[in-house]
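The values are calculated or read from the model by the stated rules, or taken from the named source; none is laboratory data. It should be emphasised that the depicted structure is a prediction, and the values quoted were computed from it without experimental measurement. Neighbour counts are summed over all protein chains in view; Cβ atoms, including those assigned to glycine, are modelled from backbone coordinates with ideal geometry.
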């Protein structure tokens with residue numbers, strides 16, 4: 001394992017966060033804070049509690065997940081797309097560093113940045129609502145697994161995309177709508193039975209539900225099912241990344 005190469009790429013990607021601090025950290029925190037104000041005040045005044053939790057506190061895990069997933073995808077996809085765009089990816093592929101080490105470097109940096117952002121948003125939420133964390137270790141586990149999994153997913157998108165527009169298609173048209181429809185602002189128990197069944201086809205439901213359970217001991221689905229779904233998605237992403245490097249898909253052409 002070439003630790004020096006991994007550290008070099010990792011430090012370079014982490015340094016980019018400081019150069020784009022407003023876009024990487026400040027903007028997502030402000031956007032999420034607006035959700036707290038608008039949804040917590042406007043809707044919270046009409047929906048006092050869900051499953052014994054105040055509405056303002058209930059939406060916090062879902063909002064953190066929304067930022068975590070979108071930022072993980074954005075960080076990882078841009079990190080690998082930009083070297084492709086300017087042509088330096090060929091220098092990376094010819095360097096004495098394995099594909100595994102490349103993935104660890106880029107995905108590790110993206111996951112670190114998004115997980116740190118998630119913790120910052122969590123800290124910010126304490127200024128708006130009263131939050132308790134029933135299972136801190138499980139909360140950190142869900143946070144880390146989600147950050148790593150969606151950073152891998154973003155890495156795949158960055159390799160697949162051949163222009164900047166495609167980098168935004170999946171997060172904007174797929175991930176964000178699935179998150180909004182995945183129990184971020186409500187419990188699926190509030191839906192009619194037929195829609196509850198349909199909603200369970202949305203993989204984001206399991207992520208939000210498991211993460212919320214780590215806070216309040218309430219969940220729409222079993223927490224072990226949630227962990228299993230994250231594990232399945234992580235395994236799929238790993239298999240796709242392995243195939244990409246084995247075949248050279250959009251890397252060697």
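Check whether at least one residue in region 54-63 is under 13 Å from residue 117 (Cβ atoms) and buried (at least 22 other Cβ atoms within 10 Å of the Cβ), and report yes or no. Looking for residues that are under 13 Å from residue 117 (Cβ atoms) and buried (at least 22 other Cβ atoms within 10 Å of the Cβ), one finds at least one in region 54-63, hence yes. When residues in region 81-127 are screened for being surrounded by 17 or more Cβ atoms within 10 Å (Cβ to Cβ), free of Cβ contacts under 8 Å to residues at least 60 places away in the same chain and either over 23 Å from residue 3 (Cα atoms) or touching a strand residue (DSSP E or B) at 6+ places or on another chain (Cβ under 6 Å) (or both), 1 of them pass. Considering only region 179-194, I want to know if a residue exists there that is in a helix (DSSP H, G or I), modelled with pLDDT under 90 and over 16 Å from residue 62 (Cβ atoms). Yes, there is a match, as at least one residue in region 179-194 is in a helix (DSSP H, G or I), modelled with pLDDT under 90 and over 16 Å from residue 62 (Cβ atoms).
Any residue at all in region 201-213 that is farther than 19 Å from residue 146 by Cβ, surrounded by fewer than 16 Cβ atoms within 10 Å (Cβ to Cβ) and in contact with a helix residue (DSSP H, G or I) (Cβ under 8 Å, 6 or more places away or on another chain)? There is no residue in region 201-213 that is farther than 19 Å from residue 146 by Cβ, surrounded by fewer than 16 Cβ atoms within 10 Å (Cβ to Cβ) and in contact with a helix residue (DSSP H, G or I) (Cβ under 8 Å, 6 or more places away or on another chain). Cβ separations smaller than 6 Å between residues 6+ apart or across chains give the following pairs from region 147-160 residues that are farther than 13 Å from residue 71 by Cβ to residues that are not in a helix (DSSP H, G or I): 159/250. Of the set (1) modelled with pLDDT under 90; (2) part of a helix (DSSP H, G or I); (3) more than 26 Å from residue 144 (Cβ to Cβ), all apply to residue 170 but (3). Which residues, taken from region 192-210, are touching a residue at least 24 places away in the same chain (Cβ under 8 Å) and over 17 Å from residue 153 (Cβ atoms)? Across region 192-210, the qualifying residues are 209, 210.
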